[in-house]
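S.K.: Take this structure, written in C-alpha cells, and hold onto it; I'll ask about it next.
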Amino acid sequence: MRLISQFFLGLIIAAAVCGRLAHAQGDMVFLVTYVDTMPDTIAPATALLKRYQNASSHEDGNVRVEALQELERPNRFAIVESWRDKAGLDAHEQSAATTEFRDRLKAIQAAPYDERITSKLYAELSKNESLAGALYVVTHVDVIPAGKDDCMAALKAMSVDTAADTGNISYEVLQQANRGNHFEVLEVWANRQALDGHAIAAHTRAFRAKLVPIAGALYDERIYKAL
C-alpha cells in the first residue's frame with residue numbers, strides 16, 4: 001500500500017512540476033527589434049549591440065538574447081530576446097543597460113529602432129547542430145486581418161515541413177501582441193546551401209503562393225549572422 005501511495009504521490013508532484021513549466025513557458029514574452037544605423041557607423045554599432053547583448057543576458061528574467069547583423073547590409077541589425085514574463089521585460093525596459101543602449105543608439109541610427117513584442121506561436125527547435133557559421137533569417141510576415149487564420153495555418157504547416165529540410169536548425173513563429181495579423185518568423189540554417197535548398201523546396205513555394213492573396217505588405221525576409 002505504501003508503494004502505491006508513493007507512486008501516486010510521484011505522479012501528483014510530476015504533474016505539478018509540468019504544470020508550472022507549462023505556465024512559465026506560456027508567460028514568456030518575446031521581443032524582436034530591428035536596428036538601422038548609418039552606413040559609416042558599423043563598427044561602433046556592432047560594439048554597442050554586443051555590449052547590450054552581454055548586459056541583457058545577465059539580467060534577471062532573461063531567457064535569451066541574440067544580436068544579429070544583416071549580411072547584405074551590415075549597418076542593419078536585429079535583436080531577438082526572450083523574457084520569462086512581462087514583469088521581466090518591463091524591468092529590462094527600465095534597466096540602466098537598456099537606457100544606455102538607446103541613448104547611444106540615437107547618435108548613430110539612420111532611423112528609430114522598430115520593436116515588436118510577441119508571443120510564441122509555433123516552434124521546431126534545436127537539432128543539436130553546431131551554430132558555427134550558421135545563417136539566421138528573420139522575416140516579418142504581414143497579412144490583412146481577414147487572412148490571419150489562413151496565415152496561421154500556413155505557418156503551422158511550414159514549421160513542420162521546414163524542420164525536415166536538410167540543414168535546418170530551428171524554425172520559430174512569433175505573433176505580434178498588438179496586431180494578431182503580424183508575425184515574425186525566426187530561422188537558423190547550418191549554411192547557405194541549406195537555406196537555398198529550403199528556398200526552392202515545394203512546400204516553401206506553396207507557402208509563398210498561399211500568402212499572396214492575403215498579404216498586407218511585402219514579404220520582408222532578411223539574412224543575418226550572429227555577432
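S.K.: For the range 159-169, which positions are under 24 Å from Ala78 (Cα atoms) and either β-branched (Val, Ile, Thr) or open to solvent by less than 10 Å² (accessible area, probe 1.4 Å) (or both)?
M.R.: Within the range 159-169, Ser159, Thr162, Asn168, Ile169 meet the criteria.
S.K.: Could you check the range 218-227 and list, in sequence order, the residues that are open to solvent by 40 Å² or more (accessible area, probe 1.4 Å) and not in a loop (DSSP other than H, G, I, E, B)?
M.R.: Matches in the range 218-227: Asp220, Glu221, Arg222, Lys225, Ala226.
S.K.: Then there is this: Scan the range 78-110 for residues that are part of a strand (DSSP E or B) and among the hydroxyl-bearing types (Ser, Thr, Tyr) and report the count.
M.R.: Final tally of qualifying residues: 1.
S.K.: Which ranges mark the strands (runs of 3 or more DSSP E) fully within the range 131-217 that have 1 or more residues being over 21 Å from the mean Cα position of the chain (by Cα)?
M.R.: By residue number, no strands (runs of 3 or more DSSP E) qualify.
S.K.: Consider only pairs whose beta carbons are under 9 Å apart and that are at least six residues apart or on different chains; among these, list those whose first residue lies in the range 182-205 and is of a type in the set (Asp, Glu) and whose second residue is open to solvent by less than 20 Å² (accessible area, probe 1.4 Å) and assigned to a helix (DSSP H, G or I).
M.R.: Sorted first by the residue in the range 182-205, then by its partner, the pairs are Glu187/Thr162; Glu187/Leu195; Glu187/His198.
S.K.: Could you say whether any residue in the range 75-83 is under 20 Å from the mean Cα position of the chain (by Cα), of a type in the set (D, E, K, R) and at pLDDT 95 or above?
M.R.: yes
S.K.: Anything in the range 35-47 that is of a type outside the set (D, E, K, R) and either part of a helix (DSSP H, G or I) or open to solvent by less than 50 Å² (accessible area, probe 1.4 Å) (or both)? List them, or say none.
M.R.: Across the range 35-47, the qualifying residues are Val35, Thr37, Pro39, Thr41, Ile42, Ala43, Pro44, Ala45, Thr46, Ala47.
S.K.: Which residue pairs have Cβ atoms closer than 9 Å, lie 6 or more positions apart in sequence or on different chains, and pair a first residue in the range 61-90 that is open to solvent by 60 Å² or more (accessible area, probe 1.4 Å) with a second residue that is in a loop (DSSP other than H, G, I, E, B)?
M.R.: Val63/Met28; Val63/Arg84; Arg84/Met28; Arg84/Asp60; Arg84/Gly61; Ala87/Gly61
S.K.: Looking at Lys50, is it in contact with a Leu (Cβ under 6 Å, 6 or more places away or on another chain) and outside any loop (DSSP other than H, G, I, E, B)?
M.R.: The answer is yes for Lys50.
S.K.: Quick one: Lys106 ticks every box in (1) free of Cβ contacts under 8 Å to residues at least 40 places away in the same chain; (2) of a type in the set (D, E, K, R); (3) within 19 Å of Met28 (Cβ to Cβ) except a single one, so which number is it?
M.R.: So Lys106 meets the others, but not (3).
S.K.: Looking at (1) of a type in the set (Val, Ile, Thr); (2) open to solvent by less than 60 Å² (accessible area, probe 1.4 Å); (3) farther than 29 Å from Lys86 by Cβ, which is the one condition that is false for Val212?
M.R.: The failed condition is (2).
S.K.: Oh, and also: Scanning for something over 17 Å from Glu66 (Cβ atoms), surrounded by 20 or more Cβ atoms within 10 Å (Cβ to Cβ) and out of contact with any His (no Cβ under 6 Å at 6 or more places or on another chain), does the range 133-150 turn up at least one residue?
M.R.: Yes, the range 133-150 contains a residue that is over 17 Å from Glu66 (Cβ atoms), surrounded by 20 or more Cβ atoms within 10 Å (Cβ to Cβ) and out of contact with any His (no Cβ under 6 Å at 6 or more places or on another chain).
The values are calculated or read from the model by the stated rules, or taken from the named source; none is laboratory data. Quantities reported herein were computed from a predicted structural model and do not represent experimental measurements. Note that we place each Cβ from the backbone using ideal geometry, even for glycine, and neighbour counts take in every protein chain shown. Surface areas here come from the heavy atoms of the whole protein model, side chains and all, with no ligands, DNA or RNA. Shrake-Rupley method; radii C 1.70, N 1.55, O 1.52, S 1.80 Å.
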